[in-house]
Amino acid sequence: MAYENILVETRGRVALVTLNRPAQLNALCNALIAELNHALDGFEADPGIGCIVLTGSEKAFAAGADIKEMQDRTHPEFYMADPFGEWDRVGRRRKPIIAAVAGFALGGGCELAMMCDFILAADTAKFGQPEIKLGVIPGAGGTQRLTRAVGKAKAMELCLTGRMMDAAEAERAGLVARIVPAADLLDEALKTAGIIAGMSLPVAVVAKEAVERAFETTLQEGIRFERRVFYGLFATHDQKEGMGAFVEKRKPSFEHR
Ligand code: HXC
């Protein structure tokens, strides 16, 4: 598939996807989301890929869903086409995905970043859910993921006023893992992805699943899940390798099995 709205490359075990509609500040049209999922399907199936970085441009990670594409939709059209069902697939990936955000991450752009496993933000990043100013509300998980990330008070204020928060506020609120200078964002994201991709892939997938469980279940059930998969890891080669390497004072060589 030839992509028109994203750029894709791989660097060793890391895949990099760059949203690429600069004239529209990476507004997320349906074709872009379809291309993104096509690329992610390929990376998920490729045992040579251990981590994915999703980024945008200096000015915008993404300024939202494409308003021009949406504006004339009718209810039955929207309901039957269910485009956000396709968005949802991005948030249900098994391999780790890092969002590297510079500039605007608004509306669907903020929601897309939150579908990733964590956000690295440039000091220029601005986050917000401004949909209320357009007469709608977030539709791709914003009211749910933002509230889980930053708590009710701030999520409610952001969704009701549509105001943006800068990178520092987003970090204080727990929305982003770390802030880096804009010039270093991509290098830092690729370096972090390289660290993750150097771990055992099945173990990283289990770690991701276990952390996600915290948002889906009770504490006791989550702990039961964690304990069960922890024991299960002792069936892997990479657990024996990781612990063996520590005891023998050498670097582990994971085989992703
Ligand atoms: C379509 C968009 C767009 C969008 C920007 N553009 N955001 N096109 N959909 N979401 C286009 C503009 O129309 C313009 O095209 C070009 O990108 C540059 O944008 P400007 O507004 O001229 O840039 P600037 O003055 O720097 O302002 C930047 C901005 C502003 C503050 C980010 O563009 C903005 O407010 N954008 C909309 C943000 C938003 O409301 N997002 C939520 C969308 S709804 P032309 O052709 O005029 O040059 C949403 C719903 C999610 O996401 C539901 C679930 C997915």
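The values are calculated or read from the model by the stated rules, or taken from the named source; none is laboratory data. Note that the structure is a prediction, hence the values are computed from the model and not measured. Note that each Cβ is placed from the backbone with ideal geometry, even for glycine, and that neighbours are counted across all protein chains shown. To get the accessible areas, we keep the full protein, side chains included, count just its heavy atoms, and leave off ligands, DNA and RNA. Shrake-Rupley method; radii C 1.70, N 1.55, O 1.52, S 1.80 Å.
Here are a few things to note about the model shown:
- Restricting 241, 212 to those that are farther than 17 Å from residue 257 by Cβ and either modelled with pLDDT of 95 or more or in the same structural domain as residue 146 (by the TED database) (or both) reduces the list to 212.
- Residue match in segment 71-91 (condition: free of Cβ contacts under 8 Å to residues at least 12 places away in the same chain, within 10 Å of the ligand (Cβ to nearest atom) and either in the same structural domain as residue 192 (by the TED database) or closer than 16 Å to residue 185 by Cα (or both)): yes
Residue by residue, here is whether (1) open to solvent by less than 40 Å² (accessible area, probe 1.4 Å); (2) within 26 Å of residue 253 (Cα to Cα); (3) modelled with pLDDT under 95 holds:
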position	(1), (2), (3)
195	no, yes, no
202	no, yes, no
206	yes, yes, no
217	no, no, no
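- Restricting segment 24-42 to residues that are open to solvent by 20 Å² or more (accessible area, probe 1.4 Å) and touching a residue at least 24 places away in the same chain (Cβ under 8 Å), the residue that is farthest from the ligand (Cβ to nearest atom): 38
- Condition met for residue 157 (part of a helix (DSSP H, G or I) and outside the structural domain of residue 101 (by the TED database)): no
- Among the residues of segment 147-193, those identified as closer than 19 Å to residue 133 by Cα and open to solvent by less than 30 Å² (accessible area, probe 1.4 Å) are 155, 158, 159, 162, 165.
- Looking across 113, 105, 100, one residue alone is buried (at least 20 other Cβ atoms within 10 Å of the Cβ), assigned to a helix (DSSP H, G or I) and assigned by the TED database to the domain that holds residue 18. It is 113.
- When residues of segment 1-23 are limited to those that are touching a helix residue (DSSP H, G or I) at 6+ places or on another chain (Cβ under 8 Å) and within 14 Å of the ligand (Cβ to nearest atom), the one farthest from residue 199 (Cα to Cα): 21
- Which numbered condition residue 113 fails, given (1) over 10 Å from the mean Cα position of the chain (by Cα); (2) within 14 Å of residue 176 (Cβ to Cβ): (1)
- Residue list for segment 116-133, filter: in a strand (DSSP E or B) and either more than 10 Å from the ligand (Cβ to nearest atom) or over 10 Å from residue 167 (Cα atoms) (or both): 118, 119, 120, 121, 122, 127, 128
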